[in-house]
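Structure, as structure tokens:
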Amino acid sequence: MASVFSGRQRHAIRLALRMIAPYRKQAIGALVALIVTAAITLSMGQGIKLMVDQGFMTRSVTLLNETIGLFMVLVVALAVGTFTRFYLVSWIGERVVADLRKQVFDHLVSLHPGFYENNRSSEIQSRLTADTTLLQSVIGSSLSMFLRNALMVIGGVILLFFTNPKLTSIVVVALPLVVAPILIFGRRVRSLSRESQDRVADVGSYVSEALGQIKTVQAYNHQEQDRQRFSQTAEGAFETARKRILQRSWLITLVIVLVLGAVAVMLWVGGMDVIAGRISGGELAAFVFYSLIVGSAFGTLSEVIGELQRAAGAAERITELLQARSEITPPAGDVLKLPERVSGRLALENISFAYPSRPERNAVDGLSLIIEAGETLALVGPSGAGKSTLFDLLLRFYDPQQGQILIEGIPAKRLDPLDLRRCFAWVSQTPALFFGSVEDNIRYGNPHASDQQVQAAAHIAHAHEFIQLLPQGYRTHLGDGGMGLSGGQRQRLAIARALLADAPILLLDEATSALDAQSEHLIQQALPTLMQGRTTLVIAHRLATVQNADRIAVMDQGKLVAVGTHRELIASNPLYARLAALQFNAGQPEKEVNIT
């Protein structure tokens, strides 16, 4: 085994064995059934010998009936054993893969968002579905075939020696000739199997990406270019698979030629011995039976090893996911706890942060700021100023490279991320809705909320009216990402979700940007009630929406350049004054100029 699989692949196989361990009773039952069926199959050779020597050759009807009866008993026992083996092995395959999928998903949802910057989610999805399906096939079928045929080879060779040592020597001489190509071609198949899995993942990733953005694809008439790019991706996957298939085909062909060639030589030698009277016809028949058993088992092994190596590649890819470590974790030492309901006081002390994919430039640079409990702070500034990044840091999607964030005077790094995030309700710039009903999406912020609480949150977010017009109201199912709803409707559902979370700190990242003027006006009317008693941080590209904030923080190129009220900043900060002039020019307070 060590010569067939690499160290990383042996680690992946150990993962599979650990997954099987909880079901050792079923595994032992399947193994016993496998051994019994293999033993029965091999014992049929002796039955054939008896049938020929004591039935056919003696011309005795009684002996023939007895041997046929024994043969039928073996057939029934084989059928029962095969049923047991197949059921238990298939059950183990399905059970293990279900557990593995849950384990991988549980791990993936705990990884920090930075992990997904460098890994395509569609490729991860391929690993979670296609690779685990391949493992299910191998654990639930191929592995059983491998063990069964390995037993048949070992048992068959032993019985060959028992039946006729002279003829067996011919088979033994042929064995190294069969094993050598398995090892040589097996290494090539192993590397091509991993590459093939990667190319299949590329195909799935491209399909997910193109179909997920189908409106953009069609709006720019990009279908032909996407067809060409997908064709290249699919052909790349085919070419890799073709190379793998070619290597496996050569492997199977060589095994068949060598094994059956050895059988032909053995038949010639055995036939000469029968003619000379050195062995009986029954012995030769049994020997031919065992030779065919060993030969077919070797042929099956050569095929199954290819499947096992494909599975080793799939297990290796899944193991890589399970070995990925989140950079955002609870502290190793004593974990501090926040009170059940925090006041909402935040402090940012000399924060500097650069995204891992862009380490050369700080998204937030030397920022210090204190937000008092219950205060409404607006963040404004041009695109790339670091406003949304600040929210990422507050939610601890990332940790700053320098400085620290404190909530209630406790450093965020000393807290469990789950304890920290329960204090925030976040409405992102692009509302995230999930496949499911309207009420499921609103209740996402509080799974235990009652129907009355869901509807109350929808009322405050001014979503109740359009929800009532949907075919099944709150139980209407939405497509992926809320397909079928307008941007404003999706945003209002996201606001209702945040309301239902009832967190002491609100993070509104351009939460009204997708709303029409009427809906925005309604939301603005509701915001004072929503913000009462809560610390609120608002990112807005329309200054008219933040004029009444307690304070406005102006950011530019990751730096905090000014803090004050609307009037103070117009008088003291050139950047804010210029932004205000762009939007309030000629007495048009509702003129919309996107400054983010």
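The values are calculated or read from the model by the stated rules, or taken from the named source; none is laboratory data. Computed from a predicted structure; not experimentally measured. Note that each Cβ is placed from the backbone with ideal geometry, even for glycine, and that neighbours are counted across all protein chains shown.
Can you pull out the residues in the range 333-368 that are surrounded by fewer than 18 Cβ atoms within 10 Å (Cβ to Cβ), farther than 21 Å from residue 422 by Cα and out of contact with any Lys or Arg (no Cβ under 9 Å at 6 or more places or on another chain)?
Once the filter is applied, which keeps residues that are surrounded by fewer than 18 Cβ atoms within 10 Å (Cβ to Cβ), farther than 21 Å from residue 422 by Cα and out of contact with any Lys or Arg (no Cβ under 9 Å at 6 or more places or on another chain), the range 333-368 yields 349, 350, 352, 356, 357, 358, 359, 360, 361, 368.
From the list 5, 56, which residue is at pLDDT below 75, among the aromatic types (Phe, Trp, Tyr) and under 21 Å from residue 307 (Cβ atoms)? Let's see the steps before the verdict.
Details: 56 fails: under 21 Å from residue 307 (Cβ atoms).
That would be 5, the only listed residue that is at pLDDT below 75, among the aromatic types (Phe, Trp, Tyr) and under 21 Å from residue 307 (Cβ atoms).
Out of the residues in the range 83-107 meeting the condition of being acidic (Asp, Glu) and under 15 Å from residue 20 (Cα atoms), tell me which one is nearest to the chain's Cα centre (by Cα).
As a first pass, look at the range 83-107 and keep what is acidic (Asp, Glu): 94, 99, 106.
This time we only want the ones that are under 15 Å from residue 20 (Cα atoms), so: 94, 99.
Values: 94: 17, 99: 13 Å.
Checking each candidate, the answer is 99.
If I filter the range 14-45 down to residues being under 22 Å from residue 74 (Cα atoms), hydrophobic (A, V, I, L, M, F, W, C) and crowded, with 19+ Cβ neighbours inside 10 Å, which single residue comes out as farthest from the chain's Cα centre (by Cα)?
Only one residue fits best here, namely 44.
Return the only residue of 138, 178 being more than 24 Å from the chain's Cα centre (by Cα) and modelled with pLDDT under 75. Please lay out each step first, then the result.
Values: 138 fails: more than 24 Å from the chain's Cα centre (by Cα).
Every option except 178 fails the conditions.
So for the range 450-470 (the condition being among the hydroxyl-bearing types (Ser, Thr, Tyr) and in a strand (DSSP E or B)), does at least one residue qualify? Walk me through it before giving the result.
Here is the first cut: in the range 450-470, the ones among the hydroxyl-bearing types (Ser, Thr, Tyr) are 450.
Next, from what is left, pick out any that are in a strand (DSSP E or B): none.
No, that holds for no residue.
Inspect all residues belonging to the range 104-123 and state whether any of them is touching a Gly at 6+ places or on another chain (Cβ under 8 Å) and either within 30 Å of residue 207 (Cβ to Cβ) or surrounded by fewer than 21 Cβ atoms within 10 Å (Cβ to Cβ) (or both). I'd like the intermediate steps shown before the answer.
Restricting attention to the range 104-123, the residues satisfying the condition of being touching a Gly at 6+ places or on another chain (Cβ under 8 Å) are 122-123.
Next, only the ones that are either within 30 Å of residue 207 (Cβ to Cβ) or surrounded by fewer than 21 Cβ atoms within 10 Å (Cβ to Cβ) (or both) stay: 122-123.
Checking the range 104-123: at least one residue is touching a Gly at 6+ places or on another chain (Cβ under 8 Å) and either within 30 Å of residue 207 (Cβ to Cβ) or surrounded by fewer than 21 Cβ atoms within 10 Å (Cβ to Cβ) (or both).
Residues of the range 429-444 being surrounded by 22 or more Cβ atoms within 10 Å (Cβ to Cβ) and either assigned to a helix (DSSP H, G or I) or among the acidic types (Asp, Glu) (or both), which ones? If you could, list the steps in order and put the result at the bottom.
Initial filter on the range 429-444 (surrounded by 22 or more Cβ atoms within 10 Å (Cβ to Cβ)): 431, 433, 438, 441-443.
Of everything in the range 429-444, those that are surrounded by 22 or more Cβ atoms within 10 Å (Cβ to Cβ) and either assigned to a helix (DSSP H, G or I) or among the acidic types (Asp, Glu) (or both) turn out to be 438, 441, 442, 443.
Can you tell which of 379, 406 is within 22 Å of residue 350 (Cα to Cα), modelled with pLDDT of 90 or more and buried (at least 20 other Cβ atoms within 10 Å of the Cβ)? Show your work before the answer.
Values: 406 fails: buried (at least 20 other Cβ atoms within 10 Å of the Cβ).
When all the criteria are applied, what remains is 379.
Suppose the filter is of a type outside the set (S, T, N, Q), assigned to a loop (DSSP other than H, G, I, E, B), surrounded by 14 or more Cβ atoms within 10 Å (Cβ to Cβ) and under 37 Å from the mean Cα position of the chain (by Cα); does residue 373 pass it?
On the way: of a type outside the set (S, T, N, Q): yes; assigned to a loop (DSSP other than H, G, I, E, B): yes; surrounded by 14 or more Cβ atoms within 10 Å (Cβ to Cβ): yes; under 37 Å from the mean Cα position of the chain (by Cα): no.
So residue 373 does not fit the description; no.
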